[in-house]
Each structure stands twice: as C-alpha cells, then as structure tokens.
Amino acid sequence: MLGFPDGFISELGRAERQLAFLFIGTSLMLGSYVVYLGSMASRKGIGKRVSVVGLLYVLFIMTLSLADYYFRVYLTGSGGG
C-alpha cells in the first residue's frame with residue numbers, strides 16, 4: 001500500500017521501501033541460516049552460533065530503526081498541510 005493511486009511516491013516512502021526490501025532480504029537469509037543450524041542441532045557449539053546470529057539481527061534491526069528515524073526527520077513525507 002505504498003504511494004497514491006496516481007503513482008506518486010514521496011521521498012520518505014521511497015526510502016522506507018528500500019529499508020523494507022533490505023529488512024526482508026536479510027531476515028530471509030538469517031532465518032535460513034538458523035533453520036540450517038537447527039538441522040545440525042546434535043553438534044556442540046550450536047547455541048553459541050545462534051546467540052551470535054540473534055545479536056547480529058538485533059543490531060541490524062536497531063540500525064534500520066535509526067535509519068528510518070533519520071529518514072522521517074529529514075525527508076519529505078506525504079502528509080498534507
């Protein structure tokens with residue numbers, strides 16, 4: 001539901017769409033890796049790897065949240081005046 005019926009997308013909408021694509025792609029890759037780790041759960045050291053992946057994912061989400069905040073502050077949105 002991005003943009004208006006006439007096809008207009010604001011600067012903010014365009015930037016947030018790129019963030020959404022980045023978030024979805026990274027989530028799919030990390031999720032696939034966690035499923036792979038789950039398939040070899042009998043090995044030792046899996047817990048450490050899952051913890052590292054979880055920490056990286058939390059840092060990634062925090063970075064995207066900060067980027068989204070920056071975009072909301074400095075880019076033109078589609079709100080009427």
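The values are calculated or read from the model by the stated rules, or taken from the named source; none is laboratory data. Remember, predicted model here, so these are calculated numbers, not experimental data. Every residue, glycine as well, gets a Cβ built from its backbone with ideal geometry; the counts of neighbours run over all protein chains shown. In case anyone asks, the SASA skips ligands and DNA or RNA and just uses the protein heavy atoms, side chains included. Shrake-Rupley method; radii C 1.70, N 1.55, O 1.52, S 1.80 Å.
What the table shows:
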| item | result |
| --- | --- |
| Residue within the stretch 55-63 that is part of a loop (DSSP other than H, G, I, E, B), in contact (Cβ under 8 Å) with a residue 12 or more places away in the chain and open to solvent by 70 Å² or more (accessible area, probe 1.4 Å) present | no |
| Check on LYS48, of a type in the set (D, E, K, R) and assigned to a loop (DSSP other than H, G, I, E, B) | no |
| Residue that is of a type in the set (Phe, Trp, Tyr) and open to solvent by 80 Å² or more (accessible area, probe 1.4 Å), where the choices are PHE71, PHE4 | PHE4 |
| When residues of the stretch 15-50 are limited to those that are open to solvent by 100 Å² or more (accessible area, probe 1.4 Å) and modelled with pLDDT of 90 or more, the one farthest from ALA67 (Cα to Cα) | TYR36 |
| Residues of the stretch 64-81 satisfying the condition of being among the aliphatic types (A, V, I, L, M), in contact (Cβ under 8 Å) with a residue 12 or more places away in the chain and part of a helix (DSSP H, G or I) | LEU64, ALA67 |
| Contacts under 6 angstrom Cβ, first residue in the stretch 21-32 being without any contact (Cβ under 8 Å) to a residue 12 or more places away in the chain, partner open to solvent by 80 Å² or more (accessible area, probe 1.4 Å) and β-branched (Val, Ile, Thr), 6 or more apart | none |
